[in-house]
Amino acid sequence: MSFLQSLTRFRTEPAGTSATGAATAIDADAASPLSVRGLSVAYHHKPVLWSIDYTAPPRGLVAVIGPNGAGKSTFIKACLGLVPALSGEVRVFGRPVAAMRGEIGYMPQRGSVDWDFPVSALDVVAMGRYGRIGMLRPVRRADRERALACLEMVGLADFAGRQIGQLSGGQQQRVFLARALAQEARLYFMDEPFAGVDAATERAILDVLHTLDRQGRTVICVHHDLQTVTDRFHHALVLNVEKIADGPVARTVTEETLARAYATARQDGDPRLLSFPARRAGAAE
Amino acid sequence: MLADLLAALSFQAGYNTRIVLIGAVLLGTAAGLVGTFTLLRGRALVSDALGHATLPGVVLAFIAGSALGLSSRNLPLLLAGAAASGALAVWLVHLLSHHTRLTEDTAIAAVLGSSFGLGVVLLSVAQRLPTGGQAGLGTFILGQTAGMTEGEVWTMAGLAALAILASVALFKEFRLICFDPDFARGIGWPVQRLDLLLLALVVVVTVAGLQTVGLVLVVAFLVIPPVAARFWSDRLDRILLLAGLFGGVSGAVGAALSAALPGLPTGAVIVLVAGTLFLLSLLFAPRRGVVATLLRQGSMGFRLAVVKALSDRRRGPAAPVSGTVALWLRARGLTTRDGALTPRGEAAAERADRNLALWERLTRTDPNAIPDTALWGIDDATRVLPQATLARLREGTAR
């Protein structure tokens, strides 16, 4: 699809339209947890993602892989509507993202917040309930108990009252994981959950991922470690500005696709690709 | 003077002084609460630009009022002018920092400086108007409660109460957008509108405080109480409570001093009181204060030296230790005069050794489980470590 086409398509199908008009093009994907059509994102007039078409499998663990600056984090953020898309459409279980917020869980990168913030681990996890509680309504006891149960699942029940800055890096990562769990979503986005964690945290994250998978949820993870992709994930989406490949890991994470994804960034020396990580707002990919 | 001050503070001065005091306390509380969120959202400098930028608005509103033949000091009109130009400045900062290559601090400096300059020029124009002299617009710059009328005080108190109610009602919302705005967007909350609301509360506090604290120092009134409060707690609800209290106390003392010494610029006094509270917090707060930190570091070094001395001696004759440590061991009856362990010393050394072994094993097997608050090798591991961690450690020993 050309850039112009995708742009006009976006214009004629604003996010709020009912399923009848918009669904024709993606009828087949109606059941999919996530379907993306013609998604393009640019920072400062340079494309970071170019016309991505992607349909997530009905369940399972999906790794988003690609070289630095390939737009992996941006892909997740654009799906969540956190960065403005130049064009394209994102649907969650067949409906616009704005209507499905309650079904989506999000675990951002650890570096995205100030850990000196005066808030306890339990308070942070309880924030996962805010979407359900709504604005201007108090956090009830049931929500706090739910949050504590989620902290327990990641092995941090003992640390509920700790100020988050007094936790180790891995424990902080697990607090974010528990907050995502507290959202009780059907579709999860996680940005580099395994980045720089200790063994205990790695185990806790893997446990949680398997539990979510058993419950039939879909988890879409930005993942940087090619060594572990095939062990930990069922599906992969290989990105390098454009989509390189997607599907079951065994078929997707092959030498051939990886060579294509990783070589283009290096070989043609395109400054567009190489300079991007530095220009990213805050996010170290 | 002291008698006047005490009279004002204990509500025994005249009616006017009393209501000014109430108004100043409400204003200070509002500044503390709104300031805490502003600071956590990283908007302290923006509120400084906002404060300074109210001056041209006030003066223009005054000139417009004179032209329309309104009374020389129509407060609602002046405050509306202040709010409008303050908001305009915030919008300009936003435009400059988002749509040009300027960074936010550069944009703030440019907007703050030029709008304040414009205000000062306009002020000298206004003072040449026939009605200018009586209006006392100059007091808006550094604050002067002495001339406030009852109506003006109630306006200030009402605005401050509004800001207090709003920041208490929106505690949960403001905390989330301050801590993790992306997550808030992810669950569909209107982060931009909440941000605007927070800035609107800053406008309300600034405008309410024009006569009391003045537009130059209002940012200090927003920033200093929360920063002082941060030293005392790691919990946002307590920080808010303390920031409100510090702000209220500063407002009360400032207003009372101003009543006792009518020539004093109230704003400067208020900020000085807040600054004193900040200094005391910085020095003497438990845990985070400078004194507590120094004491903790000193005592940690000393206690580790004691543990090491005991443990060394248990393994036989050891190198002599420094004077204070040796004296302490002697005084506690743990060593004899020639430096050997007494029976009590033996027991203490064995306990210390066992404890040290637990800490060492934890460091080897699970270094991430060491709580940051615990003193490694000194604190009793069986007391400061979570039960689960201890159980894992003991399992390791049994194996």
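The values are calculated or read from the model by the stated rules, or taken from the named source; none is laboratory data. What you see is a predicted model, and the numbers here were worked out from it, not measured in a lab. Every residue, glycine as well, gets a Cβ built from its backbone with ideal geometry; the counts of neighbours run over all protein chains shown. Each accessible area value is taken on the protein alone, full model and side chains, heavy atoms only, with ligands, DNA and RNA left out. Shrake-Rupley method; radii C 1.70, N 1.55, O 1.52, S 1.80 Å.
Just to confirm my numbers, what's the Cα centroid distance between the stretch A:167-191 and the stretch B:152-194 in Å? What the calculation gives is 26 Å, centre to centre. Among the protein heavy atoms, those of A:H210 account for about 80 Å² of accessible surface (1.4 Å probe, every chain in place).
Sorting A:218-224, A:49-55, B:117-123 by their mean Cβ neighbour count within 10 Å, with the most densely packed peptide first, gives A:218-224, A:49-55, B:117-123. Computed over protein heavy atoms with a 1.4 Å probe, the accessible surface of the stretch B:161-272 works out to 31 Å² per residue.
The mean count of C-beta atoms from other chains within 10 Å of the C-beta of residues in B:169-176, rounded to a whole number, is 4. A simple rule links phi to the HN-Hα coupling: the Karplus curve 6.51 cos²θ - 1.76 cosθ + 1.60 with θ = phi - 60°, which for the stretch B:230-241 gives 4, 5, 9, 8, 9, 10, 5, 4, 6, 4, 4, 4 Hz, with x for Gly and Pro.
Placing unit charges on C-beta atoms (Lys and Arg positive, Asp and Glu negative, everything else neutral), compute the dipole magnitude of the protein assembly as shown about its Cα centre in debye, rounded to 20.
Numbers: 66 positive and 52 negative charges, 222 e Å.
Dipole of the protein assembly as shown, to the nearest 20 debye: 1060 debye.
Tilt of helix B:15-40 relative to the longest C-alpha principal axis of chain B, in degrees (0 to 90, nearest 10)? Once rounded, the angle reads 60 degrees.
Restricting to DSSP H runs of at least four residues, report the calculated mean residue ellipticity at 222 nm for the protein assembly as shown, -39500 (n - 2.57) per run over all residues, nearest 500 deg cm²/dmol. Don't jump to the answer; show the numbers that get you there.
Numbers: 32 runs with 407 residues, N = 684.
One gets -19000 deg cm²/dmol as the mean residue ellipticity at 222 nm.
Excluding same-chain residues fewer than 8 positions from A:K46, which lysines have a Cα within less than 25 Å of its Cα? Candidates past the 8-residue exclusion: A:K72, A:K77, A:K243. Between the residues B:L92, A:A180, B:I187, the greatest Cα displacement towards the positive end of the dipole of the protein assembly as shown, with unit charges on the Cβ of Lys, Arg, Asp and Glu, is found for A:A180.
For the stretch B:290-398, rounded, prolate or oblate, judged on the Cα gyration tensor with a ≥ b ≥ c (square roots of eigenvalues), a/c < 1.5 rounded, else prolate if a/b > b/c? Each step should come with its number before you reach the end.
Values: a/c = 2.63, a/b = 1.44, b/c = 1.83.
It is oblate, given that a/c is not under 1.5 and a/b is not larger than b/c.
When the charge dipole of the protein assembly as shown is built from unit charges on Cβ atoms (+1 for Lys and Arg, -1 for Asp and Glu) and taken about the Cα centre, the candidate among B:A259, B:T103, B:L327 whose Cα reaches farthest toward its positive end is B:L327. Look at the dipole of the protein assembly as shown built from charges on Cβ: of A:L209, B:P367, A:V83, the Cα furthest out on the positive end belongs to B:P367. Sparsely packed loop sites in the stretch B:319-385 (the trypsin sites (Lys or Arg not before Pro) outside DSSP H, G, I, E and B with at most 10 other Cβ atoms within 10 Å) comprise B:R337.
Shape call for the stretch B:2-284 from the C-alpha gyration tensor, a ≥ b ≥ c root eigenvalues: rounded (a/c under 1.5), prolate (a/b greater than b/c) or oblate?
Working: a/c = 1.85, a/b = 1.12, b/c = 1.65.
It comes out oblate by the Cα gyration axes.
When a/c reaches 1.5 or more, the comparison of a/b and b/c decides; with that in mind, is the stretch B:108-205 rounded, prolate or oblate per its Cα gyration tensor?
Working: a/c = 4.22, a/b = 1.84, b/c = 2.29.
Cα axes put the stretch B:108-205 in the oblate bin.
What average count of beta carbons from other chains do you get within 10 Å of the Cβ of residues in A:158-167? Walk me through the intermediate numbers first.
Working: counts 7, 2, 0, 2, 4, 5, 2, 2, 4, 3.
Partner Cβ neighbours, averaged per residue: 3.
Here the Karplus relation 6.51 cos²θ - 1.76 cosθ + 1.60, evaluated at θ = phi - 60°, turns the backbone of the stretch A:143-150 into coupling constants of 5, 5, 5, 4, 5, 5, 4, 5 Hz, with x for every Gly and Pro. Take the Cβ atoms of B:F11 and A:R214, set R0 to 56 Å, and the FRET efficiency comes out at 0.25.
Tell me the carbon and sulfur percent of the accessible area for chain B, rounded to whole percent, probe radius 1.4 Å. Exposed carbon and sulfur together represent 67 percent of the surface.
Amide H to amide H distances under 5 Å link A:I52 with A:G38, A:L39, A:S40, where only residues 5 or more positions off or on other chains count and H is placed in the peptide plane. Remark: mean inter-chain Cβ contacts per residue of B:186-193 equal 6, using a 10 Å Cβ-Cβ cutoff to other protein chain atoms.
Between B:T363 and A:H234, how high is the FRET efficiency from 1/(1 + (r/R0)^6) when r is the Cβ-Cβ distance and R₀ = 35 Å? Nearest 0.05. Could you put the intermediate results ahead of the total?
Values: r = 37 Å, r/R0 = 1.07.
Once rounded, the FRET efficiency stands at 0.40.
Bridge orientation summary for the protein assembly as shown: considering DSSP beta bridges with both residues in this region, about 55 percent are antiparallel.
Given R₀ = 30 Å, what would the calculated FRET efficiency be for A:R140 paired with B:V168, taking r from the Cβ atoms and rounding to 0.05? Before the final figure, lay out each step's value.
On the way: r = 18 Å, r/R0 = 0.61.
After rounding to 0.05, the efficiency reads 0.95.
The interface between chain A and chain B buries about 3000 Å² of solvent-accessible area in total (1.4 Å probe, ligands and nucleic acids excluded). Once the Cα atoms are used to define both axes, helix B:266-284 deviates from the longest principal axis of chain B by about 10 degrees.
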